[in-house]
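S.K.: The following block contains the structure, expressed as structure tokens.
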Amino acid sequence: MSPTSSDSTARQALREQFVHLEQQREADTLGMWIFLATEVLLFGALLACYTVYRLAFAAAFEAASAHMHLWLGTLNTVLLMTSSLTMALGVLAARARARGYILLMLVLTIGLGTAFLGIKFYEWYLEYSERLVPLPGLEFTFEGVNPEHAQLFFNLYFTMTGLHALHLLVGIMIVLVMLILTWRRYNPLLLEYKVEIAGLYWHLVDVIWMFLFPLFYLVNPRG
Amino acid sequence: MSSVIIEEGRNYLNASASLKSWLLSTDHKRVAWLYMASLTFFFFMGGAAAVLIRWELITPAADLVRHDIYNRLFSLHGIIMVWFFLVPSIPTTLGNFLLPLMIGAKDLAFPRLNLLSWYIYTLGGIFTLLTVLLGGVDTGWTFYTPFSSMFSNSYVVLAVTGVFIVGFSSVLTGINFIVTVHKMRAPGLHWFRLPLFVWASYATSIIMVLATPVLSTALLLVALERLLGIGFFDPDLGGDPLLFQHLFWFYSHPAVYIMILPGMGVVSEIITCFARRNIFGYSFMAGSILAIAILGFLVWGHHMFVSGQSAYAGLIFSFLSFMVAVPSAIKVFNWTATLYRGSISFEASMLYALGFVGLFTMGGLTGLFLASVAVDVHVHDTYFVVAHFHFIMVGGMVTAYLGGLHFWWPKITGRMYHEFWARMAAILVFFGFILTFFPQYMMGWLGMPRRYHTYAEEYQIFHVLSSAGATILAAGYLLPLIYFAWSLRYGHDAPPNPWRASGLEWQTSSPPPVHNFTQTPVVTHGPYNYDPRNEGQRRVTDL
């Protein structure tokens, strides 16, 4: 690239309030990190609810957890972790300006994330047909210890996995935007760090799942 | 672009005049005006609810409104005043306007996000307005379960949705401010050269960002329980209504520090200017701002001493609540020390700042009464608590907001307001406030419960005094509307620095040009420059 064209690329990339591109990159990245902190607090509040109720009703939670579809949950965990790998590779590709690899990695990430969602919806369908969904109009039946306390487990399960799925959907859309930008040969100086920022969000969604999986599926794995 | 050719007389106000240029502006100064308009609207709406409440309470019987309407009145007063006025007030108006100026930047880090924050705030406001128009909510601003989640017949979901939405506005503003302070400071502007208003805005933003999501979750769960019967707080399911209180207060206690810290920042700027002294103990002032922010997260249980939580929890929360008073006290001592041997003048903004110091101190001391578990058992849910938080929120925060508006009005509008009427208003506010809220301490101590529509005859004298005070206070709040509006048309043109104040915002024109400075400033000394002869002071700030 000739000096003048990379200068103008840098100039076009720079938003008006910033003095140089490095400052802009740092600001955007810091902004995402702080946003991730808010997400931790959001899910943290729900984790606090989970902790309170699990400590109070340990037996019911164990019994309820046995009704989770462990293999589907495990498969999902593998898929999401792999998607974090492909996302990270996508970030490396963006830094290396390797457009083909960026496209491949982002497509894989989206694919794996979508597969996760598909399996999740299927799980919810299974739970619906097993009458484990505590919504009005639906029968909730639970044999064994304390169905009320088990219902608390399922309330938490659906709320937390539902909120997580919503965040994953947003993540898929963000990565899709990155994919489109890469396809349309967006300014590589910007793409480089924007893919990284999308990656940060993606990894957080993965980390949240790493908490949800053991808390819901592994309470009583030999159950 | 670091240098822009400025036409003679062009500034951010007259740069473009269309409605679209205001509603779609990403200029932080214009966004501040958008917020100022919305906030003023909500302040007077919450104030109208207060007027009706105080009017009703003049007599012991329920003769103005029905019981359920009364419940909706105090609920809406709280919801509107807390989330649609106090929490956003100084940060989104003065903070938005001044933060980039004070650090020598052209704008915030994320100007478009800033505009989006206002639109989100407006959307939340619309939900609240809808709630009011449809008949209101009667749970109190605290939305306690199981009443809110299971039994209330009012528009709970609509109300919590409005608050949920406005929470996003808070969080985005917080992110914007934090990144701005970290990344947009002018050359030479080290952290310990920042004005205390910037420190206060920064700490406020940290709290906003960390506390608000917990409220979002708490309200989401209430909405889910009402809409879908997903019972987290339902005792029939083994759920615990108290869990809601923990989640709610985990946000709402830090929220009160969101509300007061910016006011403390404003007061530091005003007192230094009108005492002509550098702040006493700058690093302790900055440190205590951070200490308040951090400790504020650890005391939420003091709202729940009589809720049935364990006595040991009560003990710990009580101790921590005493601790959190210490940094606030340090600030009061340091403001006083700043005044000592100063050359004090009593402009309107100084009257407000001095009023803040006195009223905040009183409110803070009564907070210690409430932090003592044994005392709180008697005064919990009485007017003593109501008086305590109004001393801090109204006597403190609203007073600081008015002080800040007066101090920076010439900078923001390029006009001087009428000093005589401004001082009159400040005096009316101060004395009206005391007459309104001091009797409430007394009747609370004697046992008058809060949120009660009717009451025993023996409390009437206090209520009458309080309502009389409210009338004077209302007059004090209405006056600025008149003379500020007047000043926009007929006020004298303001010079760049009418108060001879320190700070980068005073180094540019009044009102500032669109990009704030003609050249990026370079900072070579500390934030307060009032006392060049006092070498000891300069050394502390001149790092």
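S.K.: In the list A:LEU46, A:LEU79, A:LEU72, A:LEU85, which residue meets the criterion of being facing another protein chain (nearest Cβ under 10 Å), more than 30 Å from B:ASN516 (Cα to Cα), of a type in the set (A, V, I, L, M) and under 18 Å from the mean Cα position of the chain (by Cα)?
M.R.: Criteria check complete, one pass: A:LEU46.
S.K.: Six or more apart or on different chains, Cβ atoms under 8 Å: show the pairs whose first residue is in the stretch A:59-85 and surrounded by 16 or more Cβ atoms within 10 Å (Cβ to Cβ) and whose second is assigned to a loop (DSSP other than H, G, I, E, B) and acidic (Asp, Glu).
M.R.: Taking only residues 6 or more apart or on different chains, the pairs are A:HIS67/A:GLU130.
S.K.: Right, here's the next one. Is it the case, given these coordinates, that A:ALA63 is farther than 16 Å from A:ILE197 by Cα, of a type in the set (A, V, I, L, M, F, W, C), more than 10 Å from chain B (Cβ to nearest Cβ) and assigned to a helix (DSSP H, G or I)?
M.R.: For A:ALA63, the condition - farther than 16 Å from A:ILE197 by Cα, of a type in the set (A, V, I, L, M, F, W, C), more than 10 Å from chain B (Cβ to nearest Cβ) and assigned to a helix (DSSP H, G or I) - is met.
S.K.: Under 19 Å from the mean Cα position of the chain (by Cα), farther than 26 Å from B:TRP408 by Cα and surrounded by 23 or more Cβ atoms within 10 Å (Cβ to Cβ): which single residue out of B:ALA387, B:ALA353 fits that description?
M.R.: Testing whether each residue is under 19 Å from the mean Cα position of the chain (by Cα), farther than 26 Å from B:TRP408 by Cα and surrounded by 23 or more Cβ atoms within 10 Å (Cβ to Cβ) leaves just B:ALA387.
S.K.: Condition check: at pLDDT 95 or above, under 14 Å from A:PRO188 (Cα atoms) and in contact with a Ser or Thr (Cβ under 9 Å, 6 or more places away or on another chain). Does A:GLY90 satisfy that?
M.R.: Considered against the rule, which asks whether it is at pLDDT 95 or above, under 14 Å from A:PRO188 (Cα atoms) and in contact with a Ser or Thr (Cβ under 9 Å, 6 or more places away or on another chain), A:GLY90 comes out as yes.
S.K.: Looking only at the stretch B:293-310, count every residue that is assigned to a helix (DSSP H, G or I) and without any contact (Cβ under 8 Å) to a residue 24 or more places away in the chain and tell me the total.
M.R.: Qualifying residue count, the stretch B:293-310: 1.
S.K.: While we're here: Counting just the residues of the stretch A:172-223 that are basic (Lys, Arg) and surrounded by fewer than 21 Cβ atoms within 10 Å (Cβ to Cβ), which one comes out nearest to A:GLU26 (Cα to Cα)?
M.R.: The extreme case among them is A:ARG185.
S.K.: May I ask you to list the residues in the stretch B:93-127 that are over 25 Å from B:MET397 (Cβ atoms) and crowded, with 20+ Cβ neighbours inside 10 Å?
M.R.: If the condition is that a residue be over 25 Å from B:MET397 (Cβ atoms) and crowded, with 20+ Cβ neighbours inside 10 Å, then B:GLY104, B:ALA105, B:LYS106, B:ASP107, B:ALA109, B:PHE110, B:PRO111 are the ones that fit.
S.K.: Still on this structure, please answer the following. Please work out which one of (1) within 21 Å of the chain's Cα centre (by Cα); (2) within 14 Å of chain A (Cβ to nearest Cβ) is the condition B:TYR35 fails and give its number.
M.R.: (2)
S.K.: Could you list all residues from the stretch B:142-153 that are crowded, with 20+ Cβ neighbours inside 10 Å and either within 14 Å of another protein chain (Cβ to nearest Cβ) or in contact with a strand residue (DSSP E or B) (Cβ under 8 Å, 6 or more places away or on another chain) (or both)?
M.R.: B:THR145, B:SER149
S.K.: Separate question: Report the residue count in the stretch A:17-35 for those that are surrounded by fewer than 16 Cβ atoms within 10 Å (Cβ to Cβ) and in contact (Cβ under 8 Å) with a residue 60 or more places away in the chain.
M.R.: 1
S.K.: Could you check, for the stretch A:106-126, whether at least one of its residues is among the aromatic types (Phe, Trp, Tyr), more than 12 Å from chain B (Cβ to nearest Cβ) and under 16 Å from the mean Cα position of the chain (by Cα)?
M.R.: Checked the stretch A:106-126: at least one residue is among the aromatic types (Phe, Trp, Tyr), more than 12 Å from chain B (Cβ to nearest Cβ) and under 16 Å from the mean Cα position of the chain (by Cα).
S.K.: Right, another one. Kindly list the number of the only condition in (1) among the β-branched types (Val, Ile, Thr); (2) away from every other protein chain (no Cβ under 14 Å); (3) assigned to a helix (DSSP H, G or I) that fails for A:THR141.
M.R.: So the condition that A:THR141 fails would be (3).
S.K.: Just to check your reading of the model, which residue among B:THR128, B:THR139 is more than 21 Å from the chain's Cα centre (by Cα) and away from every other protein chain (no Cβ under 14 Å)?
M.R.: Unique residue meeting the criteria: B:THR139.
S.K.: Can you spot a residue in the stretch B:260-274 that is surrounded by fewer than 23 Cβ atoms within 10 Å (Cβ to Cβ), part of a helix (DSSP H, G or I) and either modelled with pLDDT under 95 or away from chain A (no Cβ under 14 Å) (or both)?
M.R.: Looking for residues that are surrounded by fewer than 23 Cβ atoms within 10 Å (Cβ to Cβ), part of a helix (DSSP H, G or I) and either modelled with pLDDT under 95 or away from chain A (no Cβ under 14 Å) (or both), one finds none in the stretch B:260-274, hence no.
S.K.: Which residue pairs have Cβ atoms under 6 Å apart, sit 6 or more places apart or on different chains, and have a first residue in the stretch B:220-237 that is under 17 Å from B:ASN153 (Cα atoms) and within 9 Å of chain A (Cβ to nearest Cβ) and a second that is charged (D, E, K, R) and buried (at least 20 other Cβ atoms within 10 Å of the Cβ)?
M.R.: Within 6 Å, no pair qualifies.
S.K.: Give the residues of the stretch B:180-217 that are at the interface with another protein chain (Cβ under 8 Å from one of its Cβ atoms), aliphatic (A, V, I, L, M), crowded, with 24+ Cβ neighbours inside 10 Å and touching a residue at least 40 places away in the same chain (Cβ under 8 Å), sorted by residue number.
M.R.: If the condition is that a residue be at the interface with another protein chain (Cβ under 8 Å from one of its Cβ atoms), aliphatic (A, V, I, L, M), crowded, with 24+ Cβ neighbours inside 10 Å and touching a residue at least 40 places away in the same chain (Cβ under 8 Å), then B:ALA211 is the only one that fits.
S.K.: For B:GLY188, only one of the following conditions fails: (1) in a helix (DSSP H, G or I); (2) of a type in the set (Gly, Ala, Ser); (3) out of contact with any Pro (no Cβ under 8 Å at 6 or more places or on another chain). What is its number?
M.R.: In the conditions (1) in a helix (DSSP H, G or I); (2) of a type in the set (Gly, Ala, Ser); (3) out of contact with any Pro (no Cβ under 8 Å at 6 or more places or on another chain), B:GLY188 misses (1) alone.
S.K.: Give, as residue ranges, the helices (runs of 4 or more DSSP H) completely inside the stretch B:61-169 that count at least 1 residues that are small (Gly, Ala, Ser) and over 24 Å from B:LEU261 (Cβ atoms).
M.R.: Where helices (runs of 4 or more DSSP H) fall fully within the stretch B:61-169 and carry at least 1 residues being small (Gly, Ala, Ser) and over 24 Å from B:LEU261 (Cβ atoms), they are B:67-79.
S.K.: Determine, yes or no, whether A:ARG131 is more than 12 Å from chain B (Cβ to nearest Cβ), at positive phi and either in contact with an Asp or Glu (Cβ under 6 Å, 6 or more places away or on another chain) or hydroxyl-bearing (Ser, Thr, Tyr) (or both).
M.R.: In short, yes.
S.K.: Moving on to the next point. Mind counting the residues in the stretch A:152-209 that are more than 14 Å from every other protein chain (Cβ to nearest Cβ), hydrophobic (A, V, I, L, M, F, W, C) and closer than 23 Å to A:GLU123 by Cα?
M.R.: 9
S.K.: Right, something else. Only one of (1) in contact (Cβ under 8 Å) with a residue 24 or more places away in the chain; (2) more than 22 Å from B:ALA400 (Cβ to Cβ); (3) surrounded by fewer than 24 Cβ atoms within 10 Å (Cβ to Cβ) is not met by B:VAL82, so which one is it?
M.R.: (2)
S.K.: Here's a follow-up. Just to verify a result, which residue in the stretch B:238-250, among those that are within 9 Å of chain A (Cβ to nearest Cβ) and assigned to a helix (DSSP H, G or I), is surrounded by the most Cβ atoms within 10 Å (Cβ to Cβ)?
M.R.: Of everything passing the filter in the stretch B:238-250, B:LEU247 is surrounded by the most Cβ atoms within 10 Å (Cβ to Cβ).
S.K.: Name every residue in the stretch B:103-121 that is more than 16 Å from A:ALA27 (Cβ to Cβ) and of a type in the set (Phe, Trp, Tyr), in order of residue number.
M.R.: B:TRP118, B:TYR119, B:TYR121
S.K.: For B:LEU320, indicate whether it is surrounded by fewer than 23 Cβ atoms within 10 Å (Cβ to Cβ) and either touching a residue at least 12 places away in the same chain (Cβ under 8 Å) or part of a helix (DSSP H, G or I) (or both).
M.R.: When the stated conditions are applied, B:LEU320 passes them.
S.K.: Please work out which one of (1) over 30 Å from B:ILE258 (Cβ atoms); (2) in a helix (DSSP H, G or I); (3) modelled with pLDDT of 95 or more is the condition B:THR454 fails and give its number.
M.R.: Evaluating B:THR454 over (1) over 30 Å from B:ILE258 (Cβ atoms); (2) in a helix (DSSP H, G or I); (3) modelled with pLDDT of 95 or more leaves (2) as the failure.
S.K.: Which of the residues belonging to the stretch B:130-178 are under 30 Å from A:ALA37 (Cα atoms) and of a type in the set (A, V, I, L, M)?
M.R.: Within the stretch B:130-178, B:VAL156, B:VAL157, B:LEU158, B:ALA159, B:VAL160, B:VAL163, B:ILE165, B:VAL166, B:VAL171, B:LEU172, B:ILE175, B:ILE178 meet the criteria.
S.K.: Any chance the stretch B:5-13 includes a residue that's part of a helix (DSSP H, G or I) and either surrounded by 14 or more Cβ atoms within 10 Å (Cβ to Cβ) or modelled with pLDDT of 95 or more (or both)?
M.R.: no
The values are calculated or read from the model by the stated rules, or taken from the named source; none is laboratory data. Worth saying up front: this structure is predicted, and the values here are computed from it rather than measured. FYI the Cβ positions are ideal-geometry reconstructions off the backbone, even for glycines, and counts take in every protein chain you see.
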